[in-house]
Amino acid sequence: MTVILQKKQDLSTSVIERIRVYAIQYGPKEYSWSAWMPEMTNTDTLVRLETKDGQTGIGAVSSCSERDADLSIAYNMKPLLRGLLGKDGLHIEENWQWMAQRRPYVHNSAIAALDIAMWDLLAKQNDLPLSSLLGGKRDTLQAYASIPVLENPTANVEFIHQLAQAGFAAFKFHNACVPDPDIKLIKMIAREFQEQQFGFMFDAECGYDLPGALQVAEHMEGTGFIWLEAPLPDRHYSDYRVLCQSTKLKILPAGLSVVEPEELAVMLPTGCWSIARVDLAMSGGITPILEIKNITTALGLGLELVAWGSPISTAATLQVGLGTGCGEYFEIAVPQQDFLIPSSRPLQVNPSGKVSSSSKTGLGVDLDWQELEQTEPPLFDIW
């Protein structure tokens, strides 16, 4: 993908002079979205870059942990911060390569937050929403509600009715990650909503073996289910190929471990998944996602993006999806109020069940920094 840029001013003014890093905990929650983590806490690692000319770029990634806030991404990022001071914030590819050379000591999630902040800065310098800078392929994406693990199938049915009133028309379930109880939920959903024009997805969190995955897929076929996500660990490639050959259902990976363009370029042509799926944070940011998009386009495969966390950490995913045309759907974890951080606002789903970005420049996110810092002062402030 070629991004055409017209710089509006001398690049010397876009030198990074200050970096602030925040670790913002939200949780523990009433709900969890993982059978493996019953007391889930989410943390946004938020980056704010400031340049010589006073421009700012923000980036964020979200992570999950059991009970306590996850400070690991912020501390893992710390060795990069001094080295980025004095670098031109608009030289994104050059800066990304410099950060990536520090792997594996620096993790992709730490690189991603900084990379996203630089893309936000670049879009603002060009007075464009990031989606427009990246190509403006779409105006909207179909939203799907990512539902937490609930106590029984009836609770899922009741929650879907509530979410449908809010505009959602597609829903993803998390459950036991064990075939028998998962099939029980799948059968009830298919029965209860057979007259509705809803779409459904199921996330098995890599919990099955091949026989279990085949069994669950068989019960999903011919219903309103669109895809089965992460039925097996991502690198069980041979089992995935058998599964894909045995069902008409779309099969997706978790998108959290096979995230490098080089590995995807080798494995995607082998037919292990129906659609590719990756996460901006785990892949290292927007820069490598553009390369992955080129790979999937060349292979004629779809590419869905993981979207998780607060409206801040998901803003970049939405902008990339709209800008590059990645994906048919956009994930929104619900209830949304469980994912708000100070001064953030929930994403709005229109009556057609779709989500769009604002016309504001960059990520399209406005934060009241004074309000945020009253409760969440920066963990690091480097200048």
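Return the only residue of 312, 332, 341 being out of contact with any Asp or Glu (no Cβ under 9 Å at 6 or more places or on another chain) and either β-branched (Val, Ile, Thr) or more than 19 Å from residue 366 (Cβ to Cβ) (or both). Even if it seems obvious, please write down each step before you answer.
Details: 312 fails: out of contact with any Asp or Glu (no Cβ under 9 Å at 6 or more places or on another chain); 341 fails: out of contact with any Asp or Glu (no Cβ under 9 Å at 6 or more places or on another chain).
Step by step, each of 312, 332, 341 is checked, and only 332 is out of contact with any Asp or Glu (no Cβ under 9 Å at 6 or more places or on another chain) and either β-branched (Val, Ile, Thr) or more than 19 Å from residue 366 (Cβ to Cβ) (or both).
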Looking across the range 170-197 at residues that are of a type in the set (Phe, Trp, Tyr) and surrounded by 21 or more Cβ atoms within 10 Å (Cβ to Cβ), the single one that is nearest to residue 330 (Cα to Cα) is 171
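Please determine, by comparing only the residues of the range 39-63 that are of a type outside the set (Asp, Glu) and without any contact (Cβ under 8 Å) to a residue 40 or more places away in the chain, which one is surrounded by the most Cβ atoms within 10 Å (Cβ to Cβ). Step through it out loud before you land on a result.
Within the range 39-63, the first condition is being of a type outside the set (Asp, Glu), and the residues that meet it are 40-43, 45-49, 51-52, 54-63.
Among the residues that remain, those that are also without any contact (Cβ under 8 Å) to a residue 40 or more places away in the chain are: 40-41, 43, 54.
Working: 40: 20, 41: 19, 43: 27, 54: 8.
Among those residues, the one meeting the criterion is 43.
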Residue 318 vs. criteria hydrophobic (A, V, I, L, M, F, W, C), within 28 Å of residue 90 (Cβ to Cβ) and outside the structural domain of residue 74 (by TED's automatic domain parsing)
yes
Can you tell me which residue is surrounded by the fewest Cβ atoms within 10 Å (Cβ to Cβ) among those in the range 325-347 that are under 14 Å from residue 171 (Cα atoms) and either touching a His at 6+ places or on another chain (Cβ under 8 Å) or of a type in the set (Asp, Glu) (or both)?
328
Among the residues of the range 351-382, write down those that are hydrophobic (A, V, I, L, M, F, W, C), at pLDDT below 95 and either under 23 Å from the mean Cα position of the chain (by Cα) or surrounded by fewer than 13 Cβ atoms within 10 Å (Cβ to Cβ) (or both).
365, 367, 372
Just to verify a result, which residue in the range 258-306, among those that are among the small types (Gly, Ala, Ser) and buried (at least 23 other Cβ atoms within 10 Å of the Cβ), is nearest to residue 33 (Cα to Cα)?
281
Residues located in the range 222-236, provided they are at pLDDT 95 or above and surrounded by fewer than 17 Cβ atoms within 10 Å (Cβ to Cβ):
235
Filter result (free of Cβ contacts under 8 Å to residues at least 60 places away in the same chain and in contact with a Leu (Cβ under 8 Å, 6 or more places away or on another chain)) within the range 137-158
153, 156
Does the range 116-163 hold any residues that are more than 22 Å from the chain's Cα centre (by Cα), charged (D, E, K, R) and not in a helix (DSSP H, G or I), and which are they?
127, 151
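The values are calculated or read from the model by the stated rules, or taken from the named source; none is laboratory data. Being a predicted model, the structure only gives us computed values, none of them experimental. Please note: Cβ atoms are built from the backbone with ideal geometry, for glycine as well, and neighbour counts cover all protein chains shown.
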